[in-house]
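**Student:** For reference, the structure I am asking about is given below.
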Amino acid sequence: MTPLLEAKHVSKHYGANTALSDLSMSIDTSKPAITAVVGESGSGKTTLARIILGLVPPSEGQVLYQGQDMARLSGTERRQFRRDVQAVFQDPYEVYNPFYRVDHVLTTPVRNFNLASSRAEGRTMIENALRAVGLRPEEILGRYPHQLSGGQRQRIMVARAVLMKPKLIVADEPVSMVDASLRATILTSLRKLTDEMGISIIYITHDLATAYQVSDNILVMYRACVAEAGAVERVVKHPQHPYTQLLISSIPQVSTTRDWLDDEGDQKTAATPSAHGCRFVDRCPVAMPKCSTTLPPLYRTEPARAAACFQHEASPTLPNGALNEVLTPTPS
Amino acid sequence: MNAILKVEGLKVEFDHPLGAVKAVDDVSFALQPGERLGLAGESGSGKSTMALSLLRMIKPPGRITAGRVSLDGTELSALDHEAMRHLRLAGIAMVPQGSMNSLNPVIRIKAQFADAFRDHGLKLSSAELDARVAELLRTVGLRPHVADLYPHELSGGMKQRACIAIAICLRPKVIIADEPTSALDVVVQRQVMETLARVQRDLGCAIILVGHDMGLMAQFVDRLGVMYAGRLVELAPIAEIITRPRHPYTQALISSLPSLEKRGAMQGIPGLAPLLRDLPPGCAFHPRCPRAEARCTTEKPAVREVAPNQQAACHFA
């Protein structure tokens, strides 16, 4: 079956900077799953999201939507794409017009896409979408954005996405601006969409701990490249790329063992990254001479895992474009 | 040991057409020299207002309506405007949340230090200023050339370090750090917190760390105060808080943190933080509390000593 979306050797350059380097993956929504894309600022995770959403064209390579090049979609196909693939962005404050009631962001898509045959049916659809994300319609509808909390506003954005009955939701840092106590609630409602409604989700985040909590698969990105990919349980519990290891050890844990600050932490080594070498070489505690000159490919170290590090040279390389082989579609 | 900072019965209210809103309600604690104290709570719990009130930086319609804050024996409310100005930075310094917005974008880093020195009556020659700034930057792990850069030329982590360097430039006795790393990624967060820890050790000053990340608190502070709806509902050594939280809200805050140990262990706190101008009767947490009983809906629990060095405001603590 043709996957919903397929990225083929996609790169994005901004001037001399490469934001995303030769990434290939497909998103097959027939087996719904949550895939987390994790990385620090500048890792290319948001660029990947924007390319998948069709908001920016790739500099090289192509993105296929149901087998068709995204750049050459007809008007009707583009409209279908706009329904199938929904976005939830970071800031639950900026997306609302303060002069409109929040109903506006829900009724507009119903009208634009003729989702309902009557006003009453539209209202029912909106109420169901709100309930799907754990909101009570009577507490939400008729209110202005400033009367709702950040967590409520962000869940309305998820409800708006759900309303379109999408196959895929791309959520770019959906919880980074809400309180820790509300993050769990929002992420749990995202998980439900996958488990109960069969919607696939790409969860873009810098927070590995929430990624571990909600996703099935994970892609760890570092400076435009995939550093490690695979089943989330394996990657988080036994990280194989030094960058993933650094990320995990950097998360402060609620524990009476206080080893977070005493740890060696991030080490800048003498090596400088060259255009050809591993992107992580200047921060890597185990860098070898060849790391400065050759970019390590992804090595398939386990059935559901690959790491781009020469420490795993003994494992077979994962051909570019075969990333999906290590992403398991089995929901937890 | 004598407390370096003593807060007694502090109240901050904001005027509102529907009546005064208590953002900080009768908070008392003492900070020991060299201690690291955490203040945790959700948005709207009053933790940042609490921090600002220690510097007497509450702006109208907010005002401090009761209580005393004393720094090393000096009662702050007795100080006039000028003396208070002098005490800020020199006595109590603040590392603000979101350093990107707190540095002046149109002047170089060095000039921001010069501002601080001049305002506190230090007359430094150009060479002295250069040497002081270079030394301060070195202390926070930045290279001297950063002095000549503008804020936009620095990364988020560098800006936050520059803010730490400014905060310590007059060797304060207390540093208040309000979510100093909330805008940074985890790797940089740890570097910045390591810098803060080292600087504090070298200076021997005390730190109040405001934030909501219980993981960060667990790894950094000696004692933790938990705020809810303007009240300090629990205050105890951090190990006690982690192993045996007395207040159900503290427990809920800990459980809301995503764990790397077990999937599915993350639980949100049900309901929403209450509106300060419309607090529920009795214990303000009772509508969200898993342990709430009839008594909690009518009777406001007092802050009481539940164990040595451990206080909580819960009927069941």
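**Student:** Listed residues B:227, B:214; which is modelled with pLDDT under 95 and either closer than 25 Å to residue B:24 by Cβ or open to solvent by less than 10 Å² (accessible area, probe 1.4 Å) (or both)? Working first, answer last.
**Tutor:** Working: B:227 fails: modelled with pLDDT under 95.
Residue meeting the stated conditions: B:214.
**Student:** Cβ-Cβ under 8 Å, sequence separation 6+ or interchain: first residue in region B:145-163 and under 14 Å from residue B:112 (Cα atoms) and of a type in the set (A, V, I, L, M, F, W, C), partner open to solvent by 10 Å² or more (accessible area, probe 1.4 Å) and part of a helix (DSSP H, G or I). Which pairs?
**Tutor:** Once the first residue is under 14 Å from residue B:112 (Cα atoms) and of a type in the set (A, V, I, L, M, F, W, C) and sits in region B:145-163, its partners that are open to solvent by 10 Å² or more (accessible area, probe 1.4 Å) and part of a helix (DSSP H, G or I) give B:146/B:158; B:147/B:110; B:147/B:130; B:147/B:134; B:162/B:112.
**Student:** Taking region B:236-251, which residues are hydrophobic (A, V, I, L, M, F, W, C), more than 7 Å from chain A (Cβ to nearest Cβ) and either open to solvent by 10 Å² or more (accessible area, probe 1.4 Å) or within 19 Å of residue B:175 (Cβ to Cβ) (or both)?
**Tutor:** The initial filter retains those residues of region B:236-251 that are hydrophobic (A, V, I, L, M, F, W, C), namely B:236, B:238-239, B:241-242.
This time we only want the ones that are more than 7 Å from chain A (Cβ to nearest Cβ), so: B:236, B:238, B:241.
If the condition is that a residue be hydrophobic (A, V, I, L, M, F, W, C), more than 7 Å from chain A (Cβ to nearest Cβ) and either open to solvent by 10 Å² or more (accessible area, probe 1.4 Å) or within 19 Å of residue B:175 (Cβ to Cβ) (or both), then B:238 is the only one that fits.
**Student:** Can you list residue pairs whose Cβ atoms sit under 7 Å apart, with the first residue in region A:242-262 being more than 20 Å from residue B:212 (Cα to Cα) and more than 7 Å from chain B (Cβ to nearest Cβ) and the second being outside any helix (DSSP H, G or I) and not hydrophobic (A, V, I, L, M, F, W, C)? Count only pairs 6 or more apart in sequence or on different chains.
**Tutor:** Matching pairs, first to second residue: A:242/A:285; A:243/A:222; A:244/A:228; A:245/A:239.
**Student:** I'm trying to understand the selection: among the residues of region A:140-152, which are touching a residue at least 12 places away in the same chain (Cβ under 8 Å) and either surrounded by 13 or more Cβ atoms within 10 Å (Cβ to Cβ) or assigned to a helix (DSSP H, G or I) (or both)? Talk me through it step by step, then tell me what you get.
**Tutor:** Narrowing region A:140-152 to residues touching a residue at least 12 places away in the same chain (Cβ under 8 Å): A:140-146, A:148-152.
Those that are touching a residue at least 12 places away in the same chain (Cβ under 8 Å) and either surrounded by 13 or more Cβ atoms within 10 Å (Cβ to Cβ) or assigned to a helix (DSSP H, G or I) (or both): A:140, A:141, A:143, A:144, A:145, A:146, A:148, A:149, A:150, A:151, A:152.
**Student:** Oh, and also: For region B:50-82, enumerate the residues that are under 27 Å from residue B:16 (Cα atoms), among the hydroxyl-bearing types (Ser, Thr, Tyr) and in contact (Cβ under 8 Å) with a residue 24 or more places away in the chain.
**Tutor:** B:53, B:65
**Student:** What number of residues in region A:173-201 are touching a Ser or Thr at 6+ places or on another chain (Cβ under 6 Å), more than 14 Å from chain B (Cβ to nearest Cβ) and open to solvent by 10 Å² or more (accessible area, probe 1.4 Å)?
**Tutor:** The qualifying residues number 0.
**Student:** Filter region B:79-103 down to the residues that are at pLDDT 90 or above and open to solvent by 60 Å² or more (accessible area, probe 1.4 Å) and list them by number.
**Tutor:** Scanning region B:79-103 gives B:80, B:81, B:82, B:85, B:86.
**Student:** Name the strands (runs of 3 or more DSSP E) wholly inside region A:1-90 in which the number of residues that are without any contact (Cβ under 8 Å) to a residue 60 or more places away in the chain and closer than 18 Å to residue A:223 by Cα is 2 or more.
**Tutor:** Values: elements: A:5-14, A:17-27, A:34-38, A:60-65, A:85-88.
Filter on region A:1-90 gives A:5-14.
**Student:** I'd like the residue in region B:107-127 that is more than 25 Å from residue B:82 (Cβ to Cβ) and among the charged types (D, E, K, R) and, out of all such residues, is least open to solvent (accessible area, probe 1.4 Å). Don't jump to the end; show me each part of the working.
**Tutor:** First, pick out the residues of region B:107-127 that are more than 25 Å from residue B:82 (Cβ to Cβ): B:108-110, B:125-127.
Now drop any that are not among the charged types (D, E, K, R), which leaves B:108, B:110.
Details: B:108: 107, B:110: 55 Å².
Across region B:107-127, the extreme among qualifying residues is B:110.
**Student:** Follow-up question, since we're still on this one. Kindly evaluate residue B:203 against the criterion of being under 22 Å from residue B:22 (Cα atoms), away from chain A (no Cβ under 14 Å) and of a type outside the set (Asp, Glu). Break it down stepwise before answering.
**Tutor:** On the way: under 22 Å from residue B:22 (Cα atoms): no; away from chain A (no Cβ under 14 Å): yes; of a type outside the set (Asp, Glu): yes.
Against the criterion (under 22 Å from residue B:22 (Cα atoms), away from chain A (no Cβ under 14 Å) and of a type outside the set (Asp, Glu)), residue B:203 does not qualify.
**Student:** Could we say that residue A:235 is under 27 Å from residue A:161 (Cβ atoms), in contact (Cβ under 8 Å) with a residue 24 or more places away in the chain and in a strand (DSSP E or B) here?
**Tutor:** Working: under 27 Å from residue A:161 (Cβ atoms): yes; in contact (Cβ under 8 Å) with a residue 24 or more places away in the chain: yes; in a strand (DSSP E or B): no.
No, not satisfied.
**Student:** Turning to a different aspect of this structure: So is residue A:73 open to solvent by less than 60 Å² (accessible area, probe 1.4 Å), more than 25 Å from residue A:51 (Cα to Cα) and at pLDDT below 95 or not? Break it down into steps so the answer makes sense when it comes.
**Tutor:** Values: open to solvent by less than 60 Å² (accessible area, probe 1.4 Å): yes; more than 25 Å from residue A:51 (Cα to Cα): no; at pLDDT below 95: yes.
So residue A:73 fails the test.
**Student:** Hey, another quick one. Quickly run through region B:142-172 and pick out the residues that are of a type outside the set (A, V, I, L, M) and closer than 18 Å to residue B:93 by Cβ. Show your work before the answer.
**Tutor:** Start the filter on region B:142-172 by keeping residues that are of a type outside the set (A, V, I, L, M), which leaves B:143-145, B:148, B:150-153, B:155-157, B:159-161, B:163, B:169, B:171-172.
Those that are of a type outside the set (A, V, I, L, M) and closer than 18 Å to residue B:93 by Cβ: B:159, B:160, B:161, B:163, B:169, B:171, B:172.
The values are calculated or read from the model by the stated rules, or taken from the named source; none is laboratory data. Since the structure is predicted, the reported quantities are computational estimates derived from the model, not experimental observations. No Cβ is skipped: glycine too gets one built from the backbone with ideal geometry, and neighbour counts run over all protein chains shown. SASA here: full protein model, heavy atoms, side chains in, ligands and nucleic acids out. Shrake-Rupley method; radii C 1.70, N 1.55, O 1.52, S 1.80 Å.
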